[in-house]
Every structure is written in C-alpha cells, then in structure tokens.
1. Out of the range 11-30, which residues are under 18 Å from residue 134 (Cα atoms) and either touching a residue at least 12 places away in the same chain (Cβ under 8 Å) or outside any strand (DSSP E or B) (or both)?
2. Would you mind telling me which numbered condition in (1) within 13 Å of the ligand (Cβ to nearest atom); (2) in a loop (DSSP other than H, G, I, E, B) residue 49 fails?
3. Can you name the condition, by its number, that residue 63 falls short on among (1) more than 14 Å from the ligand (Cβ to nearest atom); (2) within 16 Å of the chain's Cα centre (by Cα)?
4. Could you grab me the full set of residues in the range 31-40 that are part of a loop (DSSP other than H, G, I, E, B), buried (at least 18 other Cβ atoms within 10 Å of the Cβ) and modelled with pLDDT of 95 or more?
5. From the list 91, 68, 77, pick out the single residue that is surrounded by fewer than 16 Cβ atoms within 10 Å (Cβ to Cβ), within 15 Å of residue 24 (Cβ to Cβ) and among the acidic types (Asp, Glu).
6. Just one of 120, 69 is among the hydroxyl-bearing types (Ser, Thr, Tyr) and modelled with pLDDT of 95 or more; which is it?
7. Identify, from the list 3, 48, the residue that is modelled with pLDDT under 95 and either within 10 Å of the chain's Cα centre (by Cα) or of a type in the set (A, V, I, L, M) (or both).
Amino acid sequence: MSATPFRIGHGFDLHRLVPGRPCILGGVEIPSELGPDGHSDADVLLHALIDALLGACALGDIGEHFPDSDPRYRGADSRDLLRQTLAKVQDAGFAVVNVDCTVISETPRLSKHKEAMAQSVAGLLGLERGAVNIKAKTHEGVDAIGERRAIASHVVVLVSFSS
Ligand code: MG
C-alpha cells in the first residue's frame, strides 16, 4: 500500500429513462412519470458512487462485483450494493472522507430533492451531512439526457487509508 494517506475515485453511470419504472436516486424515490431502466433498481447515483468508491481503492468496477448477468442482482436494491461496497472499502483499510455527486437529469427536476438524497447518501455511508454534496443539472435540452431518454450521474470520492 502506498504511503499516500488519501486516494481519489470517480464514478459515472447512465441509464435509459422509460415509463413505468420507479425513479430511485441516491436511495430516494423521486416522483416521476419516467424512471431509469435496468437490471437492478437502476439507481444511477448510487451506481456512480459505488464505482467511485471502488476506483478510489483500486478495487475494479461495479460490473465485476455485481454483474448484471447474475440473477441475484435482478431488481437489487442499490442501497444493499452500496453497503456491500462500503464493507469492501473498509476491509481494504480505507475510510470515506467526502463525496461530491452530480446528477444530470432533464426530467425529473431534482433541485427540491437534493437535500433528501444527500441525507440518504450520508446515512448509507455513515458520514456527517456536511461530507456529502449533491448537485443537480439539466442537459440543456440536447442529446439523450436533454431529450429525456436517459439520466446520468458523476461522483467523486476521497478516501483515507485508515489502518
Ligand atoms: Mg447502473
């Protein structure tokens, strides 16, 4: 293990938006006519967070740990996947310092849901609220996200080597 006490990780995820699916972001159900499609609950924010955590700890990516070809993860609650990921991070000797999340969504509009998502993520990671930031952006009406055909998220995390 490097003597460097901090490591950074980035995660990205995108899912198609379709009618008739719940819109769960950061573990919070957001009222919406469209929801992310996917094998699991398709929580793009938590999937990007999981990849950021794995990236910071050089543990690979979400597809290696939770393959969408595995029927165990059909309809999976991404909060459970995040808890399992956090255990892997901690087993590797790391502690999460802070997380900064961006969700890019033309619909649903997320500004009034940012606080609930931040509290949810902080709770899942065992962090103080002040260690979690959620930013919500649109895609200015262009490309798949702007045309309401997809939703995406980027997450950056900092972890410290704790043991
Ligand atoms: Mg995903």
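The values are calculated or read from the model by the stated rules, or taken from the named source; none is laboratory data. A quick note: this is a predicted structure, and the numbers were derived from the prediction, not measured. Methodologically, a virtual Cβ is constructed for each residue, glycine included, from the backbone with ideal geometry; neighbour enumeration extends over all protein chains shown.
1. Keep residues of the range 11-30 that are under 18 Å from residue 134 (Cα atoms), which gives 11-14, 23-30.
Correct list: 11, 12, 13, 14, 23, 24, 25, 26, 27, 28, 30.
2. Result: residue 49 passes all but (2).
3. The number of the failed condition is (1).
4. Taking the range 31-40 and keeping what is part of a loop (DSSP other than H, G, I, E, B), we get 31-33, 37-40.
With the extra rule that they be buried (at least 18 other Cβ atoms within 10 Å of the Cβ), the set shrinks to 32, 38, 40.
Within the range 31-40, 32 is the sole residue that qualifies.
5. Going through 91, 68, 77 in turn, just one is surrounded by fewer than 16 Cβ atoms within 10 Å (Cβ to Cβ), within 15 Å of residue 24 (Cβ to Cβ) and among the acidic types (Asp, Glu): 77.
6. Values: 69 fails: modelled with pLDDT of 95 or more.
Within the list 120, 69, the selection yields 120.
7. On the way: 48 fails: modelled with pLDDT under 95.
Residue meeting the stated conditions: 3.
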